[in-house]
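Undergrad: Below is one structure. I have some questions about it.
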Amino acid sequence: MRTYRSDAIIIKRRNFLEKDRILTLFSKEFGKIEALAKGARRPGNRLSPNSDLATIAKFHIHKTKSIDIISEIEPIFHPFGARGKFDKTQKISFGLKIIDKLFELGEPHERTYEVLSKLIRSVSDHEKQLIFLKFLIEVLNDLGYLPNFIGCSNCHRQISAKDDFVFNLKGGLSHTDCCKEHFLDIGKDEVKLLKFLSDSKADDIVNYKANKIVFEKTYILIRQYFSFEFGKMLPDEIL
């Protein structure tokens, strides 16, 4: 038996036996991990207060032949600021479920971990819609589904400022003449915002001021793209 440590976020938990919990963690170094928190459902247990969903912590974990066992949880952040606020808890819950459904065990995705951590912290403290949109884009990027924001996804020619273009749900920007189905209208300001979000780190997003109308159009577009790509993999309540 060996011990390892990792910063991680609790993205799912389920009861096990009478007093235990199995936690699904999304860790910075190791990706998704399933580990047993013994006694976490027992009042007064030292693991219990730090086994809530969306808790960010450093986990000390023993590797075993069956399921790994959590020996210690050092809390880094609890999302107390989101409690009792539906809009905020909904965004956090949405993010956790996406990670659980779309990411495999043992595959590290450090940038998505960082932006999920930033999402939990930002949404807990104050409403930060752009961080949530950045999270969705980072998930698309990590899974290889990031839309093309530069060239035409159909003819692969460069799209200039003078061209008429749409957003093709099968790949990204397309010349209007190249895309006859599965497309959404998109403007230059939405493209600019999408490029900024895809190129920037999570820390750069926090103080960025986006036009409300541009943000809303971009958010709807990315949610529809997400639904188009992953609709069969995600439950209806997520999309």
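Undergrad: Can you compute the label reach from Lys101? Point 7 Å from Cα along the Cβ direction, backbone N cut-off under 14 Å, restricted to region 200-228.
TA: Taking a point 7 Å out along Cα→Cβ of Lys101, the residues of region 200-228 whose backbone N falls under 14 Å are 223-228.
Undergrad: Now for a separate question. Computed FRET efficiency, Cβ-Cβ of Tyr4 and Arg42, R0 35 Å: what is it to the nearest 0.05?
TA: Values: r = 25 Å, r/R0 = 0.71.
Computed FRET efficiency for Tyr4 and Arg42: 0.90.
Undergrad: Now a separate question. Name all residues of region 89-115 having a backbone nitrogen under 17 Å from the label point set 7 Å from the Cα of Glu29 along its Cα→Cβ direction, giving them as ranges.
TA: What the label zone holds, given the 17 Å backbone N cut-off, is 106-111, 113-114.
Undergrad: Ratio of alpha-carbon Rg to the 2.2 N^0.38 Å globular estimate for region 188-239, to two decimals, please.
TA: Normalised by 2.2 N^0.38 Å, the Cα Rg of region 188-239 equals 1.30.
Undergrad: Reachable lysines from Lys63, Cα under 19 Å, same-chain residues fewer than 8 places away excluded?
TA: Answer for Lys63, where 19 Å is the Cα cut-off: Lys28, Lys32, Lys38, listed by chain and number.
Undergrad: Can you give the convex hull volume of the alpha carbon atoms of region 65-193 per residue, in Å³?
TA: Cα convex hull per residue, to the nearest whole number: 153 Å³.
Undergrad: Right, next: Which GluC sites (Glu not before Pro) does region 117-185 hold that lie in a coil by DSSP with at most 16 other beta carbons within 10 Å?
TA: Glu127, Glu181
Undergrad: Using helices alone, what [θ] at 222 nm do you get for the chain, with -39,500 (n - 2.57) per DSSP H run of 4 or more residues, divided over all residues and rounded to the nearest 500?
TA: -11000 deg cm²/dmol
Undergrad: By how many degrees, between 0 and 90 and to the nearest 10, does the Cα long axis of helix 212-230 differ from the longest principal axis of the chain?
TA: Tilt of helix 212-230: around 70 degrees.
Undergrad: What is the percent of Cα-Cα separations in region 2-77 that go past 13 Å?
TA: Everything past 13 Å amounts to 61 percent.
Undergrad: In region 29-83, which GluC sites (Glu not before Pro) fall in coil by DSSP and have 15 or fewer other Cβ atoms within 10 Å?
TA: For GluC sites (Glu not before Pro) across region 29-83 that sit outside H, G, I, E and B with at most 15 neighbouring Cβ atoms in 10 Å, the list reads Glu29.
Undergrad: For the chain, count the residues as N, evaluate 2.2 N^0.38 Å, and divide the Cα radius of gyration by that value, please.
TA: With N residues counted in the chain, Rg over 2.2 N^0.38 Å equals 1.13.
Undergrad: What share of the DSSP beta bridges in the chain is antiparallel, in percent to the nearest 5?
TA: Of all bridge pairs located within the chain, approximately 90 percent are antiparallel.
Undergrad: Right, another one. Angle, helix 110-125 long axis vs. longest principal axis of the chain, Cα atoms, 0 to 90°, nearest 10?
TA: Here the helix axis deviates by roughly 80 degrees.
Undergrad: Here's a follow-up. Once you keep just the Cα pairs under 8 angstrom separated by 6 or more residues, what percentage relative contact order results for region 2-77? Mind showing how you got there, number by number?
TA: Numbers: 184 pairs, mean separation 24.2, N = 76.
RCO, region 2-77: 32 percent.
Coordinate-derived values only; no laboratory data. If you're wondering where the values come from, they're calculated on a predicted model, not measured in any experiment. Virtual Cβ from ideal backbone geometry, glycine too; neighbours counted across all protein chains shown.
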